[in-house]
1. Quick one: if you stick a label point 7 Å off each Cα along the C-beta vector at residue 89 and residue 19, how many nm between them?
2. Lys/Arg Cβ at +1, Asp/Glu Cβ at -1, dipole of the range 8-102 taken about the Cα centre: which of 46, 26, 62 is farthest positive-ward?
3. Can you give me the distance in nm between label points at residue 69 and residue 1, each placed 7 Å from the Cα along the Cα-to-Cβ direction?
4. Give the residue list of chymotrypsin sites (Phe, Trp or Tyr not before Pro) in the range 1-43 that are DSSP loop and have at most 12 other beta-carbon atoms within 10 angstrom.
5. Going 7 Å from the Cα of residue 102 in the Cα-to-Cβ direction, what parts of the range 36-54 have a backbone nitrogen less than 15 Å from that spot?
6. Give me the tail of P(r) for the range 8-102 as a percent: Cα-Cα pairs with distance above 23 Å.
7. Quick one: angle between helix 88-102 and the longest Cα principal axis of the chain, in degrees between 0 and 90, rounded to 10, please.
8. Please list, by residue number, everything in the range 79-98 whose backbone N is under 14 Å from a paramagnetic label point 7 Å out along Cα→Cβ of residue 50.
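The numbers here are math on the coordinates, done by the rules we state, and not lab data. The structure displayed is predicted, hence computed values, not measured ones. Every residue, glycine as well, gets a Cβ built from its backbone with ideal geometry; the counts of neighbours run over all protein chains shown.
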Amino acid sequence: MKMPLRGEVWLCDLGLAAKIRPVVIVSVPFGDQDYALFHVVPHTTSVRHSQFEAAVAAPFLQPGVFNIRGSQSVPRGWLVRLLGALTIADIGEVEASLRRWLRL
């Protein structure tokens, strides 16, 4: 089973209310002693033009944004299928918005 990597976009089952939707992996690889969780940021087509959204255009995504405020940690079993990977510049947009949200 492929281990998801930072910058990859996966379909993820976020539960009944949140639906199955694309997410970008923002966590780094972990070791055997760490919790086996991936931190993800969900993609949405409901754009609010918030400072905590990262607009990224990719051929495997519908027009929309990554909603930083919806970020969460999920187990590997929730990640359904790899869709593609963001460019370095695109993951930089997600990181910049994440830093604003967390004041880092």
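1. 2.9 nm
2. Of the listed residues, the answer is 46.
3. Label-label distance for residue 69 and residue 1, simple model: 3.3 nm.
4. On the way: sites: 10, 30, 35, 38; in loops: 30, 35.
Passing sites in the range 1-43 are 30, 35.
5. 37-42, by backbone N distance to the label point.
6. Cα-Cα pairs in the range 8-102 separated by more than 23 Å: 19 percent.
7. On a 0 to 90 degree scale, this one is about 90.
8. 97-98
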